[in-house]
1. What are the residues in region 217-246 that are part of a helix (DSSP H, G or I) and either touching a strand residue (DSSP E or B) at 6+ places or on another chain (Cβ under 7 Å) or under 20 Å from residue 339 (Cα atoms) (or both), if any?
2. Let me confirm something: among 347, 272, which residue is touching a Lys or Arg at 6+ places or on another chain (Cβ under 9 Å), modelled with pLDDT of 95 or more, under 27 Å from residue 46 (Cβ atoms) and in a helix (DSSP H, G or I)?
3. Are any of the residues in region 153-169 closer than 22 Å to residue 263 by Cβ, without any contact (Cβ under 8 Å) to a residue 60 or more places away in the chain and touching a Cys at 6+ places or on another chain (Cβ under 9 Å)?
4. If we scan region 173-189, do we find a residue that is part of a strand (DSSP E or B), buried (at least 22 other Cβ atoms within 10 Å of the Cβ), touching a strand residue (DSSP E or B) at 6+ places or on another chain (Cβ under 7 Å) and in contact (Cβ under 8 Å) with a residue 12 or more places away in the chain?
5. Is there any pair with a first residue in region 115-136 that is within 22 Å of residue 30 (Cα to Cα) and a second that is β-branched (Val, Ile, Thr) and part of a loop (DSSP other than H, G, I, E, B) whose Cβ atoms are under 7 Å apart and which are 6 or more apart or on different chains, and what are they?
6. Restricting to region 288-298, give me the number of residues that are basic (Lys, Arg) and surrounded by 16 or more Cβ atoms within 10 Å (Cβ to Cβ).
7. All but one of (1) part of a helix (DSSP H, G or I); (2) farther than 26 Å from residue 57 by Cβ; (3) at pLDDT 95 or above; (4) polar (S, T, N, Q) hold for residue 159; state the number of the condition that does not hold.
8. Just to be sure, is residue 223 within 20 Å of residue 308 (Cβ to Cβ) and hydrophobic (A, V, I, L, M, F, W, C)?
Amino acid sequence: MQVKTYLVTGGAGFIGSNYVKYVLSNFDDVQLIILDALTYAGNYGTIAQDVDNKRCLFIKGNICDQELVSKLFSTHPIEVVVNFAAESHVDRSIENPRLFLETNILGTQNLMDIARKSWATGKDEHGYPTYKPGVRYHQVSTDEVYGSLGAEGYFTETTPLDPRSPYSASKTSADLIVKAYCETYKFPATITRCSNNYGPYHFPEKLIPLIIKNILEGKKLPVYGKGENVRDWLYVEDHCKAIEKVIRKGRVGEVYNIGGHNEKKNIEIVKLTIDTIRHLMETEPAYRSVLKTNLSTVSYDLITYVQDRLGHDMRYAIDPTKMKNELDWTPETTFETGIVKTIRWYLENQQWVEDVTSGEYQNYYERMYSNR
């Protein structure tokens, strides 16, 4: 069996860590190098057990660090790059756009340029570069590059790009750079654009984990505007399966949309989360030990409407037909199933929530590796 080496950037973040766990559990022909800067949303403790696996190595660092990334390619037989590394929170991009441009655009360019030079084997008869067989660069993007939808219709791979926030503009720019490398250098790359992910290990600043955390603490549940904004929700493991299918079987130079067929208004998500937590605590009393207030407070009274986000897109919805037709992928997890799995995970892993919100997992890494 030929083993491939993957460089997984952002592998200590939400989707990246789930991808690491999925690949290690399901594919014996892959060994992983995880590169992560361990910012507030990248937590070493999330992947500590995975790094103990002999097929997984962790390196702390930034994808913008040319010297570090070059060294990784010169010392390891990297054949696949999976780029999850990105600043990803829209609210933070509104406060500090520059950080998003540096990481999401220049970091992507740095990764591709070093991979391109490392993998090059010569030129073809037309003067285009040729590359080692089987190498692949994969860019993990977002449906936010398409902008906002009306009440009907879906984003397809040919929908014009129309970003509305600094975050989505930075991801759009990165996608265009990847496409440009495919055309200019015949660089072997693919792009996936996914809808909203949810599931285990999601940093509690995003909607679902934040709502769960606040419910357990008896805090108000902030909902933008009237809560009418619609998102298409995708269970994170389904997303990881789709990414690996694209890496193994997707056509070079192509974009693939990955959606969950689970459209929900934000206010529906909030109310369903409240109802599910209350039901679980009423039927399974053991869960009440993580509740930091009275069960009677787990109600819609916690909902509070706040001023809408600047440039808030009204609706996202993905058409994943291309994934189904070309790669035989469809989402396996309904939202009704996935949200219960997700809530149970958070109720059973409150120590993880406390550690990531306190920065304890970053501190753990520093304690473990500072003297090496």
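1. 217, 236, 237, 238, 239, 240, 241, 242, 243, 246
2. Values: 347 fails: touching a Lys or Arg at 6+ places or on another chain (Cβ under 9 Å).
Exactly one residue qualifies, and that residue is 272.
3. Looking through region 153-169, none of the residues is closer than 22 Å to residue 263 by Cβ, without any contact (Cβ under 8 Å) to a residue 60 or more places away in the chain and touching a Cys at 6+ places or on another chain (Cβ under 9 Å).
4. yes
5. Partner pairs satisfying both residue conditions: 119/135.
6. As a first pass, look at region 288-298 and keep what is basic (Lys, Arg): 288, 292.
Okay, now just the ones that are also surrounded by 16 or more Cβ atoms within 10 Å (Cβ to Cβ), so none.
Looking only at that region, the number is 0.
7. With (1) part of a helix (DSSP H, G or I); (2) farther than 26 Å from residue 57 by Cβ; (3) at pLDDT 95 or above; (4) polar (S, T, N, Q) applied to residue 159, the lone miss is (1).
8. When the stated conditions are applied, residue 223 passes them.
The values are calculated or read from the model by the stated rules, or taken from the named source; none is laboratory data. It should be emphasised that the depicted structure is a prediction, and the values quoted were computed from it without experimental measurement. Glycine gets a Cβ as well: all are built from the backbone with ideal geometry, and neighbour counts include every protein chain shown.
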